[in-house]
């Protein structure tokens, strides 16, 4: 369970969520890939993920990378502006290692064998 927005005795409005639950399934990291690294982040690519407060690295596999850039308008097509584009990527984590990582923690991702 992630959140209970109402306390016992409160009357929520019709149609409002009463409880927010996390989906059961493979834990994943949601990251934004800078444009210069986009060609190296492909589904199936293996990664190492670091989480603040943990000494060990988590293993992950890229599940999805968006075809459309986030945060930057489509008209930013000069060479200088293209480097500011970022693409949403989802990286599935090793379930047993990620079990104790709280939801919403910032992570740092490194490719296992990056192409130079």
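The values are calculated or read from the model by the stated rules, or taken from the named source; none is laboratory data. No experiment lies behind these values; they were computed from the predicted model shown. Note that we place each Cβ from the backbone using ideal geometry, even for glycine, and neighbour counts take in every protein chain shown.
Mind checking whether some residue in the stretch 57-71 is closer than 30 Å to residue 21 by Cβ, at pLDDT 90 or above and assigned to a loop (DSSP other than H, G, I, E, B)? Yes. Screening the stretch 23-37 for residues that are over 15 Å from the mean Cα position of the chain (by Cα) and surrounded by 10 or more Cβ atoms within 10 Å (Cβ to Cβ) and picking the one that is farthest from residue 103 (Cα to Cα) gives 36. Within the stretch 38-57, the set of residues being surrounded by 14 or more Cβ atoms within 10 Å (Cβ to Cβ), over 20 Å from residue 105 (Cβ atoms) and free of Cβ contacts under 8 Å to residues at least 60 places away in the same chain comprises 38 only. Kindly evaluate residue 110 against the criterion of being at pLDDT below 85 and closer than 27 Å to residue 25 by Cα. It is false that residue 110 is at pLDDT below 85 and closer than 27 Å to residue 25 by Cα. Of all residues in the stretch 94-112, those that are on the phi < 0 side of the Ramachandran plot have Cβ atoms under 9 Å from Cβ atoms of residues that are part of a helix (DSSP H, G or I), 6 or more apart or on another chain, in 111/37; 111/40. Within the stretch 82-110, restricting attention to residues that are in contact with a helix residue (DSSP H, G or I) (Cβ under 6 Å, 6 or more places away or on another chain) and not in a loop (DSSP other than H, G, I, E, B), the residue that is nearest to residue 49 (Cα to Cα) is 87.
Just to verify a result, which residue in the stretch 89-112, among those that are closer than 21 Å to residue 66 by Cα and more than 13 Å from the chain's Cα centre (by Cα), is surrounded by the most Cβ atoms within 10 Å (Cβ to Cβ)? Applying the filter and picking the extreme gives 111.
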